[in-house]
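This report refers to the structure that appears directly beneath it.
The values are calculated or read from the model by the stated rules, or taken from the named source; none is laboratory data. Please read all numbers here as calculations on a predicted model, not as lab measurements. FYI the Cβ positions are ideal-geometry reconstructions off the backbone, even for glycines, and counts take in every protein chain you see.
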Amino acid sequence: MSDPIMTLDGVVKRFDPRLSLGDRIAAAIGGDVETRSVQAVRDVTLAIGKGETLGLVGESGCGKSTLGRIAAGIMKPTAGTVRLAGAPVMDAAGGKLTTRIQTVFQDPFASLNPRITIGETLAEGPIAHGLVTPAKARDYAAQWLDLVGLDPSYASRYPHQFSGGQRQRVAIARALAMQPEVLVCDEPVASLDVSIQAQIVNLLLKLKRELGLTYLFISHDLGVVRHISERVAIMYLGRIVELGPTLSVYETPQHPYTQALLASVPRLVTSDADLAEFKPIAGEIPSPLAPPTGCAFHTRCPHAGPRCAVEQPGLVAPMPGRLAACHLLAGGVGKAA
Ligand code: SF4
């Protein structure tokens, strides 16, 4: 990894239930009211190198989008810090301190204001932050549309006049118009057709090369992450369970969850061997309201032993450049400590 540009240190995010007065009274007298917190992100420490693409992968509900929002400075962590080039990205009250991190979301239609033109959408942030004057805003917007492969004349159109892929290009242009160093891409191709997905992924690769960007690329799609990321972090129930160079992790996964995730990818079946390799992960991801004790994966893990249910495994380095959190890699699963 190159020198880190972004660091996340001990990041925790809990969502406490909002109880009405009636709920609080009911809870006080022993009524059936949900009072537990959702533990969305649990003690995540990560660094992203300058110019790197770090893929963040996991099933729905694993906390990866919450972690992405915290990394982007648009959600305050319950504990821990996020820094960009050594400086905090958020103040104590949760206010974002930098425009150098921008976000591209899954649904470009929802993230674009339908009442203003694309040109206005692209210019409003840069004008507000002094990156361009109103007099030059039109040319400025055109420049970013051109960079993402859209005709600059489209600046006068509204979001509903674009296809899904074009809207995602607009969303990328809007993020780039803020001249960021880091782009947090949260499932940016998940809502697009497969052929359009490839175009957007290739556009992101081109932009990274041309602008020297750093990406945190969040996806549940292992194929897309393999294509775009230099390193990959695997997340399960709020924790990073494996981290390393993408090809190395895909070829020799060390954590049983990573192994199960890779074996569960649907592929074209042309032989009995292909069919034998395809194994959906057993069970469902447990509720983050009540994560299992010990290793959170122990309720689904084919290798779980007594130690797994009571002791949380820490990240260890099973091989150079790799980290994984599993007792199999550090003393075995046989006995609780
Ligand atoms: Fe499976 Fe135990 Fe390793 Fe968790 S610690 S992944 S339950 S073997």
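Within the stretch 87-120, work out how many residues are in contact (Cβ under 8 Å) with a residue 12 or more places away in the chain and either closer than 15 Å to L176 by Cβ or touching a strand residue (DSSP E or B) at 6+ places or on another chain (Cβ under 8 Å) (or both).
Here the count works out to 18.
Cβ-Cβ under 6 Å, sequence separation 6+ or interchain: first residue in the stretch 236-251 and more than 26 Å from P288 (Cα to Cα), partner within 11 Å of the ligand (Cβ to nearest atom). Which pairs?
Matching pairs, first to second residue: none at all.
Restricting the stretch 110-127 to residues that are aliphatic (A, V, I, L, M) and more than 27 Å from the chain's Cα centre (by Cα), which is surrounded by the most Cβ atoms within 10 Å (Cβ to Cβ)? Quick ask: steps written out before the conclusion?
Step one: list which residues in the stretch 110-127 are aliphatic (A, V, I, L, M), which gives 110, 112, 116, 118, 122-123, 127.
Next, from what is left, pick out any that are more than 27 Å from the chain's Cα centre (by Cα): 116, 127.
Numbers: I116: 13, I127: 17.
Per the criteria, the residue is I127.
Which residues, taken from the stretch 308-324, are touching a Gly at 6+ places or on another chain (Cβ under 7 Å) and within 7 Å of the ligand (Cβ to nearest atom)?
C308
Could you go through the stretch 292-304 and let me know if any residue there is modelled with pLDDT of 85 or more, away from the ligand (no atom under 13 Å from the Cβ) and closer than 17 Å to V241 by Cα.
No, the stretch 292-304 contains no residue that is modelled with pLDDT of 85 or more, away from the ligand (no atom under 13 Å from the Cβ) and closer than 17 Å to V241 by Cα.
Does the stretch 61-73 include one or more residues that are at pLDDT below 90, out of contact with any helix residue (DSSP H, G or I) (no Cβ under 8 Å at 6 or more places or on another chain), under 25 Å from Y250 (Cβ atoms) and surrounded by 16 or more Cβ atoms within 10 Å (Cβ to Cβ)?
Within the stretch 61-73 (the criterion being at pLDDT below 90, out of contact with any helix residue (DSSP H, G or I) (no Cβ under 8 Å at 6 or more places or on another chain), under 25 Å from Y250 (Cβ atoms) and surrounded by 16 or more Cβ atoms within 10 Å (Cβ to Cβ)), the answer is yes, since at least one residue qualifies.
Quick check on the stretch 64-84. Is at least one of its residues among the small types (G, A, S) and either farther than 30 Å from D221 by Cα or assigned to a strand (DSSP E or B) (or both)?
Yes, some residue in the stretch 64-84 is among the small types (G, A, S) and either farther than 30 Å from D221 by Cα or assigned to a strand (DSSP E or B) (or both).
Which residues, counting only those in the stretch 325-337, are more than 9 Å from the ligand (Cβ to nearest atom) and either among the charged types (D, E, K, R) or in contact with a helix residue (DSSP H, G or I) (Cβ under 6 Å, 6 or more places away or on another chain) (or both)?
Once the filter is applied, which keeps residues that are more than 9 Å from the ligand (Cβ to nearest atom) and either among the charged types (D, E, K, R) or in contact with a helix residue (DSSP H, G or I) (Cβ under 6 Å, 6 or more places away or on another chain) (or both), the stretch 325-337 yields K335, A336.
If I ask for residues that are at pLDDT below 95 and within 26 Å of H227 (Cβ to Cβ), which ones from the stretch 25-60 would you list?
G58, E59, S60
Considering only the stretch 174-206, state which residues are at pLDDT below 95 and not in a helix (DSSP H, G or I).
Once the filter is applied, which keeps residues that are at pLDDT below 95 and not in a helix (DSSP H, G or I), the stretch 174-206 yields E187, P188, V189, A190, S191, L192, D193.
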